[in-house]
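Before any comments, here is the structure.
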């Protein structure tokens with residue numbers, strides 16, 4: 001069976017090329033522990049494979065036999081515009097990667113739908129070129145979830161989809177947006193992703209969730225990568241653990257890997273070492 005590269009070279013090589021197609025993967029963990037950097041690197045490298053093959057070969061290398069890079073990369077954000085995201089990417093990896101990869105990433109800013117029922121002034125988040133007709137269509141309480149679903153239906157097939165982030169939705173739970181709506185969307189996403197055949201990465205800040213909420217999101221996803229900080233003497237290290245994940249966890253367990261040590265360098269997020277059972 002083919003696989004879809006995450007865009008993290010050493011991780012992809014360890015797990016046989018990447019993720020099983022049709023997977024929804026939670027990138028969850030503590031603030032600054034690497035989840036967001038993983039998402040940025042995955043988007044950038046997947047785009048770079050099509051926009052600049054020389055840079056891709058330099059920073060990633062060869063794609064494994066049987067793996068196929070996503071045909072398109074789509075980055076969806078509920079609260080940030082594309083300029084903000086690209087600026088943040090530059091803090092994570094080399095300028096030349098971001099400059100070349102940006103042309104291969106399609107950004108969808110969902111902040112108008114997300115903020116429309118809030119007390120924020122519209123000029124804080126609304127594109128000033130938006131027409132009155134478009135504004136008139138945004139009158140349903142669930143419009144942000146509807147907009148998310150419609151966009152994915154149109155673009156998710158064989159694509160890498162980066163959703164930044166479910167934490168924003170959780171923080172906006174109210175009479176107009178219920179927690180059950182979010183979990184229903186996640187469960188539906190998992191079902192639809194199987195038919196789309198691409199890879200969907202969903203960023204979530206674990207600090208903002210209760211244990212029950214986090215467990216519900218894990219149950220609704222194909223797999224979860226959990227990012228944490230670990231202290232060793234006077235130094236702190238970023239680590240990543242793979243939780244339940246069909247087609248991936250078994251491969252890691254076969255090699256007795258219990259934890260990945262990670263780092264951030266010019267090539268973005270990377271695996272620096274693996275901890276094995278001894």
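The values are calculated or read from the model by the stated rules, or taken from the named source; none is laboratory data. The structure displayed is predicted, hence computed values, not measured ones. Here the Cβ is made from the backbone with ideal geometry for all residues, glycine too, and neighbour counts use every protein chain on show.
The set of residues from the stretch 36-87 being crowded, with 24+ Cβ neighbours inside 10 Å, free of Cβ contacts under 8 Å to residues at least 60 places away in the same chain and in contact with a strand residue (DSSP E or B) (Cβ under 8 Å, 6 or more places away or on another chain) comprises just one member, 47. Listed by first and then second residue, the pairs with beta-carbon distance under 8 Å, at least 6 apart or on different chains, first residue in the stretch 242-257 and free of Cβ contacts under 8 Å to residues at least 40 places away in the same chain, second assigned to a loop (DSSP other than H, G, I, E, B), are 242/248; 256/277. Restricted to the stretch 111-184, the set of helices (runs of 4 or more DSSP H) holding at least 3 residues that are surrounded by fewer than 12 Cβ atoms within 10 Å (Cβ to Cβ) and modelled with pLDDT under 85 comprises 132-136. Just one of the listed residues (263, 206) is touching a strand residue (DSSP E or B) at 6+ places or on another chain (Cβ under 7 Å) and closer than 23 Å to residue 79 by Cα, namely 206.
Does residue 29 fit the bill of being touching a helix residue (DSSP H, G or I) at 6+ places or on another chain (Cβ under 6 Å), closer than 23 Å to residue 209 by Cβ and surrounded by 23 or more Cβ atoms within 10 Å (Cβ to Cβ)? Spelling it out, residue 29 is indeed touching a helix residue (DSSP H, G or I) at 6+ places or on another chain (Cβ under 6 Å), closer than 23 Å to residue 209 by Cβ and surrounded by 23 or more Cβ atoms within 10 Å (Cβ to Cβ).
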